[in-house]
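> Before I ask anything, here is the structure I am working with.
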Amino acid sequence: QQHSRHAMALSALGLGSWYIGLARLLWNRFSDGMRMLCEAFLALGVVFASLAIPLGLDPHWTTAAWALEGAAMIWVGVRQKRTGARIFGLLLQLGAALAFFDHSGWELNSLPLANRVFLSAALIGIAGLFSSYWFDRLGDQARRWEPRLPQILMAWGLIWWYVGGFVDLHDHRHLLQPQPAFLLYACVSTAILAWIKQRFTWNRLQSALLLLLPMMLLVYAGQRWDGLWLLGHGGWLAWPLAFALQYVLMHRFESQWAPRVRNLSHCLSLWLLLLVLTHEVARLIAQVPGLAQTWSAAAWGLVPSLLLFA
């Protein structure tokens, strides 16, 4: 017989489909008397289908498929009130994270935010957020160890999403300037999260909206450290968009924040705005021919004074 690279994967997929089909058939005909057997067949089907993924796919897509399958199992476990399915979904997502670090790094000729490695990290993050949402829906059905999981999974998903985006953009620094590109990435991500919060009334997600300001501070520190023009290489779009979005978020959601968080957000946003504007005005003055450097230094006192007076 001729060797087939996907023979093992197809065999595992066939067995998985067979057991899942048997579970569906028995459930439709004998749902009361065959419940245990149906659950056993369903578990075998899911296991064999999961084995088909690493046997037939690229390691990057194996990671993504396991993460999404884990999120789907948590959804099934919440909807059908099955603790075992929820635990299996968590283990699948943990396995996906371990598999992510077990293959090669970023591809040299790939596009930023459009390559297999970033998409794997992003899908792990999306699966974590999806799982957090459904664990929040457990309510009184949650086990003793489950009430903390929504916050943990939300943090897990956000870390994979933002760190994956930052590393990918930094790895493609030969094509773009990573700091303003990441600021745009953070703005789009935060806007999507704000829409999800409103659309699905997921109040826990409001803490994720607070991440925009710290990321703006980190981008500013990175640009200053590298001696970069803040409004260059896409910064002319990223910084105005970031400040506009930050003040829209405070206007829409500050009533839901704790007073200390609300006051700190306003203060830091204003001081960061002063820093960015003063830095750019001082840089522009320094480029005017024939002016002494003292004029550029004076801008660091003049611009904040005018803005504070206004």
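> Could you report the chain's accessible area per residue, 1.4 Å probe, as an integer in Å²? Please list the in-between numbers first.
Values: 17870 Å² over 310 residues.
Heavy-atom accessible area per residue stands at 58 Å².
> In a shell of Cβ-Cβ distance under 15 Å around LEU272, excluding LEU272 itself, what net charge do Lys and Arg (+1) and Asp and Glu (-1) give?
Summing Lys/Arg as +1 and Asp/Glu as -1 gives 0.
> Right, something else. Would you compute the Debye intensity of the stretch 147-298 from its alpha-carbon atoms alone, equal scatterers and no solvent, and pass along log10 I(q)/I(0) at q = 0.12, 0.16, 0.18 Å⁻¹ to two decimals?
Calculated log10 I(q)/I(0) at the listed q: -0.58, -0.94, -1.13.
> Now, a different point. Let me have the 222 nm mean residue ellipticity of the chain computed from DSSP H runs of 4+ only, each contributing -39500 (n - 2.57), with the sum over all residues rounded to the nearest 500.
Values: 12 runs with 233 residues, N = 310.
Theoretical 222 nm ellipticity from helices: -26000 deg cm²/dmol.
> I'd like the distance between the alpha-carbon centres of the stretch 223-258 and the stretch 127-177, rounded to an integer number of Å.
After rounding, the separation between the Cα centres reads 22 Å.
> Please give the contour-minus-distance gain from THR201 to TRP18: 0.36 nm per residue of separation, less the Cα-Cα distance, rounded to one decimal in nm.
62.0 nm
> Would you calculate the convex hull of the Cα atoms in the stretch 165-209 and tell me its volume per residue in Å³? List each step's numbers first, then the result.
Numbers: hull volume 2.9 nm³, N = 45.
Cα-based convex hull of the stretch 165-209, divided per residue, equals 64 Å³.
> Quick one: pull the percent of accessible area on the chain belonging to carbon and sulfur, 1.4 Å probe, ligands and nucleic acids left out.
67 percent
> Computed over the Cα atoms of the chain, what is the ratio Rg over Rh, Rh following Kirkwood?
1.11
> Next question, about the same structure. I'd like the Kirkwood hydrodynamic radius of the stretch 198-249, using the inverse of the mean 1/r over distinct C-alpha pairs, in Å.
Roughly 12.5 Å, rounded to one decimal.
> How about the stretch 72-178: which trypsin sites (Lys or Arg not before Pro) there lie in a loop by DSSP and see at most 12 other Cβ atoms within 10 Å?
Passing both the DSSP loop test and the Cβ count: LYS81, ARG143, ARG144, ARG148, ARG173.
The values are calculated or read from the model by the stated rules, or taken from the named source; none is laboratory data. Remember, it's a predicted structure, so these values are computed and weren't measured experimentally. Because the Cβ atoms are built from the backbone with ideal geometry, glycine has one as well, and the counts that use them run over all protein chains shown. Ligands, DNA and RNA are stripped out before the accessible areas are found, and what is left, the full protein with its side chains, is counted by its heavy atoms. Shrake-Rupley method; radii C 1.70, N 1.55, O 1.52, S 1.80 Å.
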